[in-house]
1. Which pairs do you get when a residue that is more than 20 Å from VAL111 (Cβ to Cβ), found in the range 75-86, comes within reach of a residue that is at pLDDT 70 or above and open to solvent by 70 Å² or more (accessible area, probe 1.4 Å), reach meaning Cβ atoms under 7 angstrom, with the pair 6+ apart or on two chains?
2. Which ranges mark the helices (runs of 4 or more DSSP H) fully within the range 1-96 that have 1 or more residues being at pLDDT 90 or above?
3. Where residues in the range 107-124 are modelled with pLDDT under 90, part of a helix (DSSP H, G or I) and not small (Gly, Ala, Ser), which of them is surrounded by the fewest Cβ atoms within 10 Å (Cβ to Cβ)?
4. Please list, ordered by first then second residue, the pairs with beta carbon atoms under 9 Å, 6 or more apart or interchain, first in the range 34-63 and over 16 Å from GLY99 (Cβ atoms), second open to solvent by 80 Å² or more (accessible area, probe 1.4 Å) and not in a loop (DSSP other than H, G, I, E, B).
5. When residues of the range 97-106 are filtered for being surrounded by 12 or more Cβ atoms within 10 Å (Cβ to Cβ) and part of a helix (DSSP H, G or I), how many remain?
Amino acid sequence: IAAVVVGREAHRLDTIAPRSVYNPDEAAEFVAEFLPDESQARLTPDDLEQLLRFHMRWLHSKGLQPTNVVDRRQDIAEPVVISEDTLTAYLLGEAERNGVQILDDVDVVNVVDAHLAYFDAIGAVGPRATD
């Protein structure tokens, strides 16, 4: 009986998307440590959290942060490609609209790189797109 149960569960888990858990506090800490010293000096913790929040809203608008993902098969019909340039432009616009003071645009580029590195570290990123 145990072999059947283990086999059935292994098959079920094989068809279910792995659980990548995004923890906002952990993400902010990871990104803050990943940033170059110059960006760390210019961004306040509140500014950083705001930028990460804007990034998560952008992902949700692209369908990459669904509301119900527990024990659900992956159902991505079309690949979704994230361009760092588009994301950076979006974050700069949101920062300006919401009064987040960005002293140097390179800080947003660094936040994007660090946040994507966090996603990669928790296993929430797919393969790189080809040309």
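The values are calculated or read from the model by the stated rules, or taken from the named source; none is laboratory data. Note that the structure is a prediction, hence the values are computed from the model and not measured. All Cβ positions, even for glycine, are placed from backbone atoms using ideal geometry, and neighbour counts span all protein chains on display. In case anyone asks, the SASA skips ligands and DNA or RNA and just uses the protein heavy atoms, side chains included. Shrake-Rupley method; radii C 1.70, N 1.55, O 1.52, S 1.80 Å.
1. Filtered contacts from the range 75-86: VAL80/LYS62.
2. Where helices (runs of 4 or more DSSP H) fall fully within the range 1-96 and carry at least 1 residues being at pLDDT 90 or above, they are 24-34, 37-42, 45-61.
3. Step by step, filter the range 107-124, then rank; the result is ASP120.
4. Note: pairs meeting the criteria are GLN40/GLU33; LEU52/PRO24; MET56/PRO24.
5. Initial filter on the range 97-106 (surrounded by 12 or more Cβ atoms within 10 Å (Cβ to Cβ)): 100, 102-106.
Adding the requirement that they be part of a helix (DSSP H, G or I) leaves 105-106.
Going through the range 97-106 one residue at a time, the tally reaches 2.
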